[in-house]
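Just so it is clear, none of the values below were taken in a lab; they were calculated from the coordinates. Since the model is a prediction, treat every value here as computed from it, not as a measurement. Note that each Cβ is placed from the backbone with ideal geometry, even for glycine, and that neighbours are counted across all protein chains shown.
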Amino acid sequence: MAQRANGFGRIAGYHANALVQQFLALQIECETGGANAAAIAAVPRVDALFVGPGDLSANMGAMGNPDAAPVQGAIASVLAAARAAGKSAGILAPVRADAQRYLAAGFTMVAVGSDLGLLARGSDALVSAFKPA
């Protein structure tokens, strides 16, 4: 990992400055993580808590329904824990409306869409462009 992070030896002084320059975000994707968000946020060198709502909802028994009240409650508690600790709070938002809602709630990092979704849509578009009429 360090070899990639330092550009395969191209970044002078990388090792001496790595701990200062690294950004550490811990992902919360289960009910236990949500319940312990305050303790997780208190860990030294943790910069952010990041919520994966899809996996969180699946692990909370609401697979495919991240808008379920218990899941949204867990998300809100992670946000509150991060903010109370002075840390950034991030979340994945699959659609624009979710992103806007999470930004309004106070999340400071909102990933809109996903790499897998973007890859799938791009691939589908290419297939459609080259399909015979």
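Please give the charge dipole size of segment 2-130, origin at the Cα centre, charges +1 on K and R Cβ atoms and -1 on D and E Cβ atoms. Round to the nearest 20 debye.
440 debye
Determine the gain in length on full extension of the stretch residue 43-residue 26; use 0.36 nm per residue of separation and subtract their C-alpha separation, reporting nm with one decimal.
Contour length minus Cα-Cα distance gives 5.1 nm.
Which of the helices in the chain meet the span-like rule: DSSP H, Cα axial reach of 15 Å or more, Kyte-Doolittle mean at least 1.0?
Flagged H segments are 69-84.
Quick one: among 11, 40, 75, which has the greatest mean-square fluctuation in a GNM of the chain with alpha-carbon springs under 10 angstrom?
Between 11, 40, 75, it is 11 that shows the largest mean-square fluctuation.
Taking the Cα-to-Cβ direction at residue 77 and at residue 8 and moving 7 Å from each Cα, how far apart do the two end points lie in nm?
Taking the simple label geometry, residue 77 and residue 8 are separated by 4.6 nm.
Bin width 10 Å, alpha-carbon pairs only: give the P(r) of the chain as whole percents, running from 0 to the bin holding the largest distance.
In whole percents, the pair-distance histogram is 12, 32, 27, 20, 7, 1.
Tell me what the chain gives for mean residue ellipticity at 222 nm when only DSSP H runs of n ≥ 4 count, each as -39,500 (n - 2.57), the sum divided by the residue total, rounded to 500 deg cm²/dmol.
On the way: 8 runs with 71 residues, N = 133.
Counting only the DSSP helices, I get -15000 deg cm²/dmol.
Placing +1 on the Cβ of each Lys and Arg and -1 on the Cβ of each Asp and Glu in the chain, which of 108, 28, 91 has its Cα farthest towards the positive end of the resulting dipole?
In the chain, that residue is 108.
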